[in-house]
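Every number here is computed from the coordinates shown, using simple stated rules; none is lab data. Values in this document were obtained by computation on a predicted structure and should not be read as measured data. Cβ: placed from backbone, ideal geometry, glycine included. Neighbour counts: every protein chain shown.
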Amino acid sequence: MNKPIAVMDSGVGGLTVVQELMRQLPREEIIYFGDTARCPYGSRSKEEVKEFSYQIIDFLQKYDPKMIVIACNTATAVILEELNAKSNIPIIGVIHPGVRSVIKATVRGRVGVIGTQNTIQSGLYDYALKQIHPELYVKSLACPTFVPLVEEGTFQEQDVLSIVEEALIPFQEEDIDALILGCTHYPLLAPFIQKVMGNNIQLISSADETAREVSTILFHKNLLSQKFGRPEHHFFTSGKLSVFQHIAESWLAQPINVQYIPTEALENSQWLDTKSTIV
């Protein structure tokens with residue numbers, strides 16, 4: 001089916017998922033919305049996260065997507081279950097793909113999880129991990145300083161290392177062998193996280209597994225694109241165009257078409273009506 005895949009995130013972090021979607025599904029058109037003006041979601045109330053997420057989904061519906069990917073761990077934790085109950089198209093988040101990846105990766109059954117305050121407090125990673133592997137040792141840690149580093153575009157600067165090192169101090173005495181980067185922003189800090197944690201710790205990004213899940217669902221539902229040639233992707237941000245474009249083009253290694261959408265244009269979402277469904 002020649003309709004786009006819609007991807008939403010609180011900011012630029014979901015570009016890590018987009019990168020994998022482009023690599024694994026090169027014929028698919030992607031519509032991406034990064035809510036950089038209201039990022040980070042991790043320290044906001046659940047009510048705000050829900051309201052903002054539904055506003056973005058309402059906007060994305062204008063492009064008649066065949067699937068929506070919630071490329072934000074915080075939003076996944078808050079709205080995914082409710083959203084799937086209302087949706088007539090596939091909607092997936094990034095938590096369960098990350099869980100499957102780390103269970104494959106861990107050798108000794110000792111796993112760490114880092115994420116935003118809301119994601120860690122939700123306990124969804126712990127719950128999902130223990131559901132599959134009840135004997136796993138799981139240590140979770142909120143790292144609220146990480147998202148602002150990425151959104152400011154400073155994730156390639158050397159002084160970032162000291163900030164990452166300080167945030168991960170509680171993990172220094174933990175005997176883990178795999179670490180879930182439980183926020184799609186965090187892979188952009190992966191070189192610093194790896195340096196602090198050591199090369200014997202395997203870092204797990206949910207982006208790879210999320211893209212594989214998208215591919216599997218589209219195949220089984222006969223929704224894979226039949227178009228030939230390079231697809232036309234569209235990117236939207238509620239924040240500064242120049243910052244978003246710089247980060248996106250750096251991460252995706254290609255020019256992108258990005259448009260500014262003010263948050264005022266997203267208000268009065270029909271999704272706040274719980275009876276609404278995606279058609």
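The average projected area of the chain, computed from the convex hull of its Cα atoms over all directions, is 13.9 nm².
Here the gap between residue 64 and residue 177, fully extended at 0.36 nm per residue and compared with their Cα-Cα distance, gives a gain of 36.5 nm.
For 246, 234, 96, 185, the sequence from fewest to most other C-beta atoms within 10 Å is 246, 234, 96, 185. The ranking of 192, 171, 33 from fewest to most other beta carbons within 10 Å of each one's beta carbon is 171, 192, 33.
Annotation: the range 95-206 has a Kirkwood hydrodynamic radius of 13.9 angstrom, from the mean reciprocal C-alpha pair distance. Distance between the 7 Å Cα→Cβ label points at residue 240 and residue 117: 2.4 nm.
Approximating the spin labels as points 7 Å out from Cα along Cα→Cβ, the residue 195-to-residue 137 distance works out to 2.8 nm. In this simple spin-label approximation, residue 48 and residue 228 carry label points 7 Å from Cα along the Cα→Cβ vector, and these lie 5.0 nm apart. The gain in end-to-end length when the residue 254 to residue 212 segment is fully stretched comes to 12.9 nm, 0.36 nm per residue minus the alpha carbon separation. Restricting the range 13-101 to trypsin sites (Lys or Arg not before Pro) that sit in a DSSP loop and have at most 15 other Cβ atoms within 10 Å of their own Cβ leaves 27. For the residues 249, 173, 48, a GNM of the chain with alpha-carbon springs under 10 Å puts the largest fluctuation on 173.
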